[in-house]
1. Name the residues in segment 41-64 that are acidic (Asp, Glu) and farther than 19 Å from Ala19 by Cα, would you?
2. Could you list all residues from segment 1-43 that are within 24 Å of Lys63 (Cβ to Cβ) and among the β-branched types (Val, Ile, Thr)?
3. Any idea which of Glu38, Glu6 is part of a helix (DSSP H, G or I) and at pLDDT below 90?
4. May I ask you to list pairs of residues, at least six apart or on different chains, whose Cβ atoms are under 7 Å apart, with the first in segment 48-70 being within 15 Å of Arg15 (Cα to Cα) and the second being of a type in the set (Asp, Glu)?
5. List the number of the failed condition for Glu18; all other conditions in (1) surrounded by 10 or more Cβ atoms within 10 Å (Cβ to Cβ); (2) touching a helix residue (DSSP H, G or I) at 6+ places or on another chain (Cβ under 7 Å); (3) among the acidic types (Asp, Glu) hold.
6. Have a look at Arg44, Arg52 and point out the one that is charged (D, E, K, R), out of contact with any strand residue (DSSP E or B) (no Cβ under 8 Å at 6 or more places or on another chain) and outside any helix (DSSP H, G or I).
7. Taking into account only those residues within segment 41-60 that are surrounded by 10 or more Cβ atoms within 10 Å (Cβ to Cβ), modelled with pLDDT of 90 or more and under 30 Å from Leu70 (Cα atoms), which is farthest from the chain's Cα centre (by Cα)?
Amino acid sequence: MAFHLEGMTKEEKLRMMEALWTDLTREEKEFLSPNWHEDVLKAREKKVESGREEYRDWESAKKEIRSRLL
């Protein structure tokens, strides 16, 4: 199956990315985190605890990203 990306809108491309990610992550146990990943997560957690960084839920983040692109 071939897709012509240049003919797709940004919204269509984002939907395609979401569909691919959903499909790829169905079997989460098949994906192993690299060794450095735990260190990065701990560093980010410290930033959140100190108030230097904050996070939002994925749905809110997607809405913000879409609003910037569309």
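The values are calculated or read from the model by the stated rules, or taken from the named source; none is laboratory data. In this text, all values refer to a predicted model and were calculated from it rather than measured experimentally. Note that we place each Cβ from the backbone using ideal geometry, even for glycine, and neighbour counts take in every protein chain shown.
1. Applying the first criterion (acidic (Asp, Glu)) to segment 41-64 yields 45, 49, 53-54, 57, 59, 64.
Scanning segment 41-64 gives Glu45, Glu49, Glu53, Glu54.
2. Of everything in segment 1-43, those that are within 24 Å of Lys63 (Cβ to Cβ) and among the β-branched types (Val, Ile, Thr) turn out to be Thr9, Thr22, Thr25.
3. None of the other options fit; the residue is Glu6.
4. Leu70/Glu11
5. Here Glu18 meets the rest and fails (2).
6. Values: Arg44 fails: outside any helix (DSSP H, G or I).
On inspection, the qualifying residue turns out to be Arg52.
7. Val48
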